[in-house]
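Trainee: Below you'll find the structure I mean.
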Amino acid sequence: MKVRWRYGITFPLVLAVALGGLSAWLGRISEIDIEEVKLNPNQPQYTMDGIDGRRFDEQGRLKEHLSARGAKQFPESTDVHFELPHLVFFQEGSRLYEVGSDEAVYNTQTKQLLFKHNVVLTKAADAKRQAGVVKTELLHVDTESQYAKTDTPVTFQYGESSGSAEGLTYDHKKGLLNFPSRVKATIYDTKNM
C-alpha cells in the first residue's frame, strides 16, 4: 500500500517538474535579442527617385502638386531633402503659383520649405492680377499660410514692370508682395497702356 501511494504522488510531481523545465527551456530559446544599431547620421535612411505627389482639397480638386528628381531623409531628422523640386499650388482647381529650384528642404513638422539655388517663384495671371516672376537664391515657403520670404537679393517681373531688391515677403492670401529694402524698378502703368 505504501508503494502505490508513493508512486501516485511521485508521477505528477515528476511530470510537473519536467514540464516546468521544458517550459523554461522553450522560453529561453524562443527569446529574441534585439540589438539596436545606431544609423550613420551622414547617410540617408530613406531615398526616393522620381517623385510625383498630389494633394487634393475636400471637394476632390487638386490643391498641391510636388514633383522632384529625388529626395532623401536622414536618421533622426524631420527634414526631407529634395533634388530639383517643383511645387505648384492650386485653389479651386486654378493654378495660383509655383516654385522651383535646384534643392529644397521640407520640414515634416512645421510644413515649411526652404528652396535653395536658382529659385523661381511664378504667379499665374488671374482676373485681378497680372502674372509675376521672382528669382532669388533662397526662399522660405510656409505651405499652410501660403507665405513666402527671403532676405537674399531678388529680381522680379510683374506684367511689363521689372526690378530688383534685397529680400521680399509674399502673402498670397492678401495678394501682397512686399520689398522691405530699397527697390530699383521700371514700372509700367497697365491702366494707361
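The values are calculated or read from the model by the stated rules, or taken from the named source; none is laboratory data. This structure is a prediction, so every number in the text was calculated from the model and none was measured. Neighbour counts are summed over all protein chains in view; Cβ atoms, including those assigned to glycine, are modelled from backbone coordinates with ideal geometry. Surface areas here come from the heavy atoms of the whole protein model, side chains and all, with no ligands, DNA or RNA. Shrake-Rupley method; radii C 1.70, N 1.55, O 1.52, S 1.80 Å.
Trainee: With a cut-off of at most 13 other beta carbons within 10 Å, and DSSP calling the residue loop, which GluC sites (Glu not before Pro) in the stretch 131-193 qualify? Please list them.
Mentor: Those that pass, being in a loop and sparsely packed, are Glu144, Glu160.
Trainee: Then there is this: How much of the accessible area of the stretch 46-186, in percent, comes from carbon and sulfur atoms when a 1.4 Å probe is used?
Mentor: Summing carbon and sulfur atoms, their accessible area is 48 percent of the total for the stretch 46-186.
Trainee: Rounding to the nearest 10 and keeping the result within 0 to 90°, find how far the Cα-based axis of helix 2-30 lies from the longest principal axis of the chain.
Mentor: With rounding to tens, the tilt is 20 degrees.
Trainee: Next question, about the same structure. Would you work out the charge dipole size for the stretch 55-121 about its Cα centre, treating the Cβ of every Lys and Arg as +1 and the Cβ of every Asp and Glu as -1, and quote it to the nearest 20 debye?
Mentor: Charge dipole, the stretch 55-121, about its Cα centre: 80 debye, nearest 20.
Trainee: Mind sorting out which of (i) 17.5; (ii) 18.0; (iii) 21.3 is the real Kirkwood radius over Cα pairs in Å computed from the coordinates?
Mentor: Matching entry in (i) 17.5; (ii) 18.0; (iii) 21.3: (iii).
Trainee: Just the number please: accessible area per residue for the chain, 1.4 Å probe, all protein chains included, in Å².
Mentor: Heavy-atom accessible area per residue stands at 72 Å².
Trainee: If you don't mind, another one. What GluC sites (Glu not before Pro) in the stretch 78-129 are in a loop by DSSP, with at most 13 other Cβ atoms within 10 Å of the Cβ?
Mentor: Passing both the DSSP loop test and the Cβ count: Glu92.
Trainee: Is there a pair in Lys111/Lys174; Lys116/Lys184; Lys116/Lys173; Lys38/Lys63 whose C-alpha atoms are over 32 Å apart, and which pairs would that be?
Mentor: Over 32 Å apart, Cα to Cα: Lys38/Lys63.
Trainee: Straight-line reach from Lys128: which aspartates and glutamates have a Cα under 15 Å away, not including same-chain ones fewer than 8 places off?
Mentor: Candidates past the 8-residue exclusion: Asp189.
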